[in-house]
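The values are calculated or read from the model by the stated rules, or taken from the named source; none is laboratory data. Everything numeric here is computed off the predicted structure, so don't read it as measured data. Glycine also receives a Cβ, built like all others from the backbone with ideal geometry; neighbour counts cover every protein chain displayed. Note: areas computed on protein heavy atoms with side chains; ligands, DNA, RNA excluded. Shrake-Rupley method; radii C 1.70, N 1.55, O 1.52, S 1.80 Å.
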There are 4 protein chains.
Amino acid sequence: MTAQIGVTGPAFEPRCAHYQERVRDSFARQGAMHTLGARLSAVMPGSVDITLGWASGLTQQHGFLHAGMVATALDSACGYAGFTLMSEDSAVLTIEFKINLLAPAQGERFRMEGRVIKPGRTITVCEGRAYALDASSEKLIATMGSTLMAVSGRDGLQG
Amino acid sequence: MTAQIGVTGPAFEPRCAHYQERVRDSFARQGAMHTLGARLSAVMPGSVDITLGWASGLTQQHGFLHAGMVATALDSACGYAGFTLMSEDSAVLTIEFKINLLAPAQGERFRMEGRVIKPGRTITVCEGRAYALDASSEKLIATMGSTLMAVSGRDGLQG
Amino acid sequence: MTAQIGVTGPAFEPRCAHYQERVRDSFARQGAMHTLGARLSAVMPGSVDITLGWASGLTQQHGFLHAGMVATALDSACGYAGFTLMSEDSAVLTIEFKINLLAPAQGERFRMEGRVIKPGRTITVCEGRAYALDASSEKLIATMGSTLMAVSGRDGLQG
Amino acid sequence: MTAQIGVTGPAFEPRCAHYQERVRDSFARQGAMHTLGARLSAVMPGSVDITLGWASGLTQQHGFLHAGMVATALDSACGYAGFTLMSEDSAVLTIEFKINLLAPAQGERFRMEGRVIKPGRTITVCEGRAYALDASSEKLIATMGSTLMAVSGRDGLQG
């Protein structure tokens, strides 16, 4: 029996040597990431972390981060985790995601982790975790499961 | 055999006479709705519509609305649809939601519809639809299924 | 504002003239459908209904239909709804589905409805509804959202 | 940055000393588990494994395990993982689950793992993994995220 949830990250091999640059370029074009004050804190093959701070413009009615804003950062983390493994001529689109909110998104800062569970030529499946961070602790506040599609040569989509 | 998906809205009975006011007050406290430039365009028992315009601060890398921003508006539409049917001492929290992105969120304006499928004392299940609107047409771009919890007397949460 | 959830079924055009036969042949090869005692009660473009009776071999611990068995019939209903619109050389695979259980699956008989929301060359999105039926009434007990993939020429998969 | 998906299982404390017996009794009452030929291969606090063999009565049209049958075993694994942590007067119901099918469910035997991610008095969130097992290897074929509700004193529900 396995004592833990999840899989230790398999050693994914990127198909595109400058995958980091591609992720950073695409991220910089997401207006939503600017609005969130989000930044890429880690970009590795099959794995992307995004961090952001609390801000009143991101809240729901109780002053916690809005579930949709948590989802926005998690979706980008998962999407770019998948994108690190896609070929140079591919753009990435989210087909669907599901998020479970485990605890109120209360905290000074937040880290959203996106991880590829199953890469594929067309379909890639990812999982995400969101943590609320304070000076001395971190707390799991949300989990995501998402499905991505690699599209190529469509409507001039890039990244 | 039923020719259509979905249920015609049953006639839900709100438990709180001033449910509209409660929804509007809570909505006004969501910083995220200000950021989205969203407004409540309809509030009925078990049914809430939210509309918003395209803005560059809400986009993903191709200039479409970010899936997470579509989810943010849909989550509020579903959450407030559920909230219209909750008792006066209840606050509403989202337990989970899933969103399917059917088409790029391209358009001038967007309407997100939240509908209660099954109300309950503790658990309420909703469905949402997002439409992209142009001068002459509207297009279904996303569907959501969400689960809400009514909480009362917890940590001074309101609305 | 739209008074109802859902979309009235658009008039889908099947790509394969004998789509009904293809669905019925494939359904007959599903061992799981035999185990459920399930039968196809309607097959239309983008729309499939499956009916089955209560049986003790399908239950969870309280004697209701197991959520997974409800999901099994709904997944087949959705999958075949999508399959009615696929080209002749395509096989259908489920990428993911989500189910919300709205009420205990108690009843003499059950009808599961699968409907295509958005057909596509590669990806098709469906929604499902499960109803418990008694002599005089029917009750919505579950909703499903699912994503299908059309695969062709892979490993000799058919149907 | 965390190198792996998932959390190492926290040391959960069961509220009921004979939690194993309660799980085994309830499992034995699930007609669906008999139909699947499933057995409980591990029951620990917050963690349950179920194993089963391939059988033609569980298949979809290509001879793989039907996605719904994979979901049935995963839902029981997750549900009982949650049930190990519930109080003696609680019964467990599934509110919703989502499953991603990562690879065809091809194999001689299958192991479904259910793990509690976040226990709660009313709501418990779990994750599941399904593996296909052959003589020398195992392969991740599906992931599940599920939400459970503990209900007490309702309609004489037990287990």
query: With Cβ to Cβ distances under 10 Å as the rule, what net charge do the other residues near D:S41 carry (K, R +1; D, E -1)?
result: 0
field: Centroid-to-centroid separation of the range A:52-100 and the range B:47-76 [C-alpha atoms, Å]
entry: 12
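Within 15 Å, Cβ to Cβ, of B:R22, how many net charges do the neighbouring residues add up to if Lys/Arg are +1 and Asp/Glu are -1? Can you show the working numbers first?
Numbers: positive: B:R15, B:R24, B:R29; negative: B:E21, B:D25, B:E88, B:D89.
It works out to a net charge of -1.
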task: Estimate for me the total accessible surface buried between chains A and D (protein heavy atoms, probe 1.4 Å, no ligands or nucleic acids), in Å² to the nearest 100.
output: 2700
- prompt: Which angle from 0 to 90°, rounded to the nearest 10, does the C-alpha axis of helix C:19-28 make with the longest principal axis of chain C?
  reply: 50
- prompt: Which far-off residues, 5 or more places away or on another chain, put their amide H under 5 Å from the one on D:R109, with H placed in the peptide plane?
  reply: D:W54, D:L133
- request: Apply the Debye scattering formula to the protein assembly as shown, with a single equal point scatterer on each alpha-carbon and no solvent, then give log10 I(q)/I(0) at q = 0.05, 0.09, 0.11 Å⁻¹.
  value: -0.19, -0.66, -1.05
statement: Under 5 Å from the placed amide H of D:A142, counting only residues 5+ away or on other chains, we find D:L102, D:A130
- line: Note: B:34-47 gets an average of partner chain Cβ contacts (10 Å, Cβ to Cβ) equal to 2
query: If packing is taken as the mean number of other Cβ atoms within 10 Å per residue, what is the order of D:47-58, B:115-126, B:11-22, highest first?
result: B:115-126, D:47-58, B:11-22
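Could you do me a favour and compute the accessible area per residue for chain A, 1.4 Å probe, result in Å²? All intermediate terms of the calculation are to be shown ahead of the outcome.
Details: 5700 Å² over 159 residues.
Spelled out: the 1.4 Å probe surface of chain A, per residue, equals 36 Å².
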message: With the label 7 angstrom out along Cα to Cβ, how close does C:D25 come to the same site in each of the other copies, in nm, nearest first?
response: 4.7, 5.2, 6.4
statement: In degrees rounded to 10, the 0-90 angle between helix D:67-83 Cα long axis and the longest Cα principal axis of chain D is 30
message: Given the -39500 (n - 2.57) contribution per DSSP H run of 4+ residues, what per-residue ellipticity at 222 nm results for chain A, rounded to the nearest 500 deg cm²/dmol?
response: -6500 deg cm²/dmol
query: Among D:G68, D:G79, D:G128, which one shows the biggest mean-square fluctuation in a GNM of chain D, springs joining Cα atoms closer than 10 Å?
result: D:G68
- prompt: Cysteines of chain B lacking any other cysteine beta carbon under 4.7 Å?
  reply: B:C16
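What is the sum of charges, Lys and Arg at +1 and Asp and Glu at -1, for the other residues whose Cβ falls under 11 Å from the Cβ of C:E127? Please report the intermediate quantities before stating the final value.
Working: positive: B:R129, C:K98, C:R115, C:K118, C:R129; negative: B:E127, C:E113.
In short, +3.
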query: What does the charge dipole of chain C about its Cα centre add up to, to the nearest 20 debye, if the Cβ of each Lys and Arg holds +1 and the Cβ of each Asp and Glu holds -1?
result: 100
- prompt: Using a cut-off of 25 Å between alpha-carbon atoms, which lysines can reach A:K139, once sequence neighbours fewer than 8 places away in the same chain are excluded?
  reply: A:K98, B:K98, D:K98, D:K118
query: Taking θ as phi - 60°, what are the ³J(HN,Hα) couplings along the range B:107-121 by the Karplus curve (6.51, -1.76, 1.60), each to the nearest whole Hz, with x for Gly and Pro?
result: x, 7, 9, 9, 10, 10, 10, x, 9, 6, 9, 8, x, x, 4
query: How many percent of the accessible area of the range D:7-151 is carbon or sulfur, using a 1.4 Å probe?
result: 50
message: Using a Gaussian network model on chain D with a 10 Å cutoff between Cα atoms, which of D:L85, D:L102, D:L133 fluctuates the most?
response: D:L102
message: Rounded to whole angstrom, how close does the nearest chain B beta-carbon get to the axis mapping B onto A, and which residue is it?
response: B:K98, 2
query: Just D:S76, D:S146, D:S87 to compare: in a GNM of chain D, with alpha carbon springs under 10 Å, which one fluctuates most?
result: D:S87
- line: homo-copy label distances at B:S87 (7 angstrom along Cα-Cβ), nm, one dp, ascending, are 1.8, 5.8, 6.0
message: Taking θ = phi - 60°, what integer Hz values does the Karplus form 6.51 cos²θ - 1.76 cosθ + 1.60 yield along the range C:142-147, in sequence order, with x for Gly and Pro?
response: 7, 10, 10, x, 9, 10
statement: Listed by chain and number, the residues whose amide H is under 5 Å from that of B:A42, excluding neighbours fewer than 5 places away on the same chain and using placed H, are B:D49
